[in-house]
Amino acid sequence: MDSNPLRVIIRVRVMDIPSGRNARVRCLGNIFCQQILSRQMNHDLKAECHDAEHCLPNFDSKYDVKAWFLYDFNVTGPLDKAEVMKIPHKVYLATRQEDSWIFTSRDLWVENAKNYCATYTWGGSYTTE
């Protein structure tokens with residue numbers, strides 16, 4: 001398994017994701033990990049290396065709209081904005097045909113997506129009680 005940091009941005013029609021509205025981010029992340037990274041998504045925030053998901057606008061829309069989904073893979077600690085801009089970013093258009101998913105790489109979208117997503121903290125921000 002590749003342990004280098006990676007930020008992935010996915011554009012998808014929200015109604016294609018086979019889950020409840022509030023579970024879409026996790027569901028799509030799991031599908032992406034299994035199909036593209038050939039591994040399970042690691043949600044264990046206490047692990048030395050874990051994956052993070054971000055909730056971007058419209059992820060939970062009740063309408064059939066397209067939305068962006070953002071994931072940070074192989075998070076080992078915080079990175080500042082300049083460090084995040086240096087790590088690899090990949091952008092995909094995801095489409096579903098029956099039970100099959102197609103993740104099409106969109107290299108032309110990387111720079112715009114990278115700049116937009118730079119406002120999101122690497123690894124997300126979580127609070128525990």
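The values are calculated or read from the model by the stated rules, or taken from the named source; none is laboratory data. Keep in mind that this is a model prediction, so the values were computed, not measured. Positions of Cβ are backbone-derived with ideal geometry, glycine not excepted, and every protein chain shown enters the neighbour counts.
Checked against the criterion of being of a type in the set (D, E) and touching a Ser or Thr at 6+ places or on another chain (Cβ under 9 Å), the candidates E83, E98, E53, E48 yield just one match: E48. If the condition is being over 16 Å from Y120 (Cβ atoms), among the acidic types (D, E) and touching a helix residue (DSSP H, G or I) at 6+ places or on another chain (Cβ under 8 Å), then the range 46-73 contributes D60, D64.
Residues of the range 9-24 that are among the basic types (K, R), in a helix (DSSP H, G or I) and under 19 Å from A113 (Cβ atoms): R24 alone. Here the condition is being in contact (Cβ under 8 Å) with a residue 40 or more places away in the chain and touching a helix residue (DSSP H, G or I) at 6+ places or on another chain (Cβ under 9 Å); of T95, T76, it holds for T95 alone. For the range 6-25, filtering for residues that are within 13 Å of Y71 (Cβ to Cβ) and either small (G, A, S) or modelled with pLDDT under 95 (or both) leaves 2.
Modelled with pLDDT of 95 or more and under 18 Å from A113 (Cα atoms): does that describe D80?
no
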